[in-house]
1. Probe radius 1.4 Å, ligands and nucleic acids ignored: give me the carbon and sulfur share of the accessible area of the range 101-177 as a rounded percent.
2. Give, as a single signed number, the net charge of other residues whose beta carbon lies under 15 Å from the beta carbon of LYS39, with Lys and Arg counted +1 and Asp and Glu -1.
3. So what is the relative contact order for the range 1-86, in percent, with contacts set as C-alpha pairs under 8 Å and at least six apart?
4. What net charge is computed for the residues neighbouring ASN131, neighbours being all others with C-beta under 9 Å from the C-beta of ASN131, Lys and Arg scored +1, Asp and Glu -1?
5. How many angstrom lie between the Cα centre of the range 151-174 and the Cα centre of the range 11-28?
6. Please give the per residue accessible area of the range 55-180, computed with a probe of 1.4 Å over protein heavy atoms only, in Å².
7. Between the DSSP loop rule and a limit of at most 16 other Cβ atoms within 10 Å, which trypsin sites (Lys or Arg not before Pro) in the range 13-115 are left?
8. Cβ under 12 Å from ARG93's Cβ, ARG93 left aside: what net charge do those residues give with Lys, Arg +1 and Asp, Glu -1?
Amino acid sequence: MLANLFLHYVFDDYMVKEFPSIQWARYADDGIAHCVSLKQAKYLLRRLQERFAKCGLEINLEKTKIVYCKDDDRKGDYENMAFDFLGYSFRPRGAKNKYGKYFTSFLPAISDNAQKAIRKKVREWKLQLKNDKSLQDLANMFNSQIQGWLNYYTYFYKSEIYDALRYINNCLVKWVRKKYKKRKARRKAEHWLGKVARRDTKLFAHWKFGILPAAERWEPDELRGSRPVLRGASREVPEVYSLHDILQEQTPFAQDIYCPRHHVDNGIKPVQRRYRHYQILIQQVVPFVMHKFVFNDKVKLILCQFNRRQ
């Protein structure tokens, strides 16, 4: 409060009276002035040093610097081309205009120091030690702070805060591994937390924002939100068939599904993207095949490929 009152006389009133054409901003003891040339910036810095010395103050020259705001229209080079102000880092960044053209603009985004401060605060929560709490309890405890970060740091270039939000998810995964004995493995914990996030996306503020935990593994009986289109060996899109038709091999692409050797025999090399087709069908079909048919070489071949590429 005292700093604001003192700097209002030393800096604010002085800038309004002496430099009315220069735009500026100040928060507490941090300030920024927008100059149109290097000559004007050096002149303003010298005048401010004189003003502060006259009032018994001194400008910290280690933290004070002249920055060149480089973008597509300003193509020069200077010693300093980035600065931090109020938790944002201003520097040249890629941008896209309304016509879809990409260009370089001088834009703000959450600074590295602000991201470190968020991670430090999340570590202070010690989520992995709160085994007596439920996910709803954790959401009630920390949602207000997460929402505050989102409100402030996503106003400009919001993609820069994604890593800090994913760090919160990583800490929640540690909480799951500590709380549930059957989910000690990281992949199991991530998968369980991912299912909860897809079921209740509004539980945490950053989930609602769109940063969900990664669920890399799918359970055999779990329905996917989207699935790839299965195609036959001739690359045509097949009709919709029932599980009974697939098991009885009454579909034109049954061999294409069950036996990868069919691609090689017909001169079509199986590629990596086809593996997702196998994985979905194995998860859904093999449990029924085990009960309905003898465990033959055809199914064994698929299972070997599934285990090898997983």
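The values are calculated or read from the model by the stated rules, or taken from the named source; none is laboratory data. Given the structure is predicted, the values throughout are model-derived calculations rather than measurements. Because the Cβ atoms are built from the backbone with ideal geometry, glycine has one as well, and the counts that use them run over all protein chains shown. Areas reflect the complete protein model, heavy atoms only, side chains present, ligands, DNA and RNA absent. Shrake-Rupley method; radii C 1.70, N 1.55, O 1.52, S 1.80 Å.
1. 47 percent
2. Taking every other residue near LYS39 into account, the sum is +3.
3. Value for the range 1-86: 18 percent.
4. +3
5. 35 Å
6. 63 Å²
7. When the trypsin sites (Lys or Arg not before Pro) of the range 13-115 are filtered for loop state and at most 16 Cβ neighbours within 10 Å, LYS63, LYS65, ARG74, LYS75, LYS98, LYS101 remain.
8. 0
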